[in-house]
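Data block below; observations after.
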Amino acid sequence: MIPLRISKIPYLWFLPAALVLLASCSFDYDTPPEGNVDPDLIMKNAEYVRIVNGNPEIRLEIEEVRRYESKHLMELENFSFEQYNAAPEGYEEIPDLNVRGSAGAAGLETDTMNASMTGGVSMEVVSEDMTIKTAAISWQDKERRLHAPGTVEITRSDGTSLTGTGFSADTRRRSWEFETNVEGSIVEEEENESSSP
């Protein structure tokens, strides 16, 4: 079966960027004893909001965060996220929501900024009228790529519904594709032609 490739990817880099921002603080601890697996930092029921020009840009609610300095690893459990459109300085209302979603767990490598999300990942890209659901998805920061080896479902309110396996997205090129088992339908809007008298 020929892979399905779609260009004009929505901005799917928002969540890895949010996790990177959350990981940007560091702590200078002594080297832990050999074999120590205890986290250096635990936060429960945490909320993280990044403010730009006085307006929220990214918001995360996390049931538990565990940071392991020696492993260069941060683990998140049961979290939800929101990413807002950029707003000019002095804008007095909350900017429009662009993306929201949730995942059961995530791991972030703080040295490479690679991330993996598991436990059921759901992302709604409001600006693109698109919802993405999968069991697990990973982010390769250097390559700026998302990858989900399992089944991924993409839906839109116009009736478009695609399911496939081997989903990957190149955020630099703003394109995405499925490798195999693609099923579903794409609804294309008809252009309204105005008739002149």
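Any read-out appearing in this document is the output of simple, stated calculations on the displayed coordinates, not a laboratory observation. Every value quoted in this text rests on a predicted model; they were computed, and no experiment measured them. All Cβ positions, glycine included, derive from the backbone under ideal geometry; neighbour counts span all protein chains shown.
Listed values, structure above:
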| item | result |
| --- | --- |
| Sparse-neighbourhood loop sites, trypsin sites (Lys or Arg not before Pro) in the stretch 128-169 - DSSP loop, at most 12 other Cβ within 10 angstrom | 142 |
| FRET efficiency, residue 188 to residue 96 (Cβ-Cβ, R0 30 Å, nearest 0.05) | 0.75 |
| Neighbour cut-off at most 13 other Cβ (10 Å), DSSP loop, chymotrypsin sites (Phe, Trp or Tyr not before Pro), the stretch 91-195 | 91 |
| Under Karplus coefficients 6.51, -1.76 and 1.60, residue-wise ³J(HN,Hα) of the stretch 47-62 in Hz, glycine/proline x | 10, 10, 10, 9, 9, 10, 6, x, 10, x, 10, 9, 9, 10, 10, 10 |
| GluC sites (Glu not before Pro) restricted to DSSP loop in the stretch 54-142 with at most 14 other C-beta within 10 Å | 89, 92, 93 |
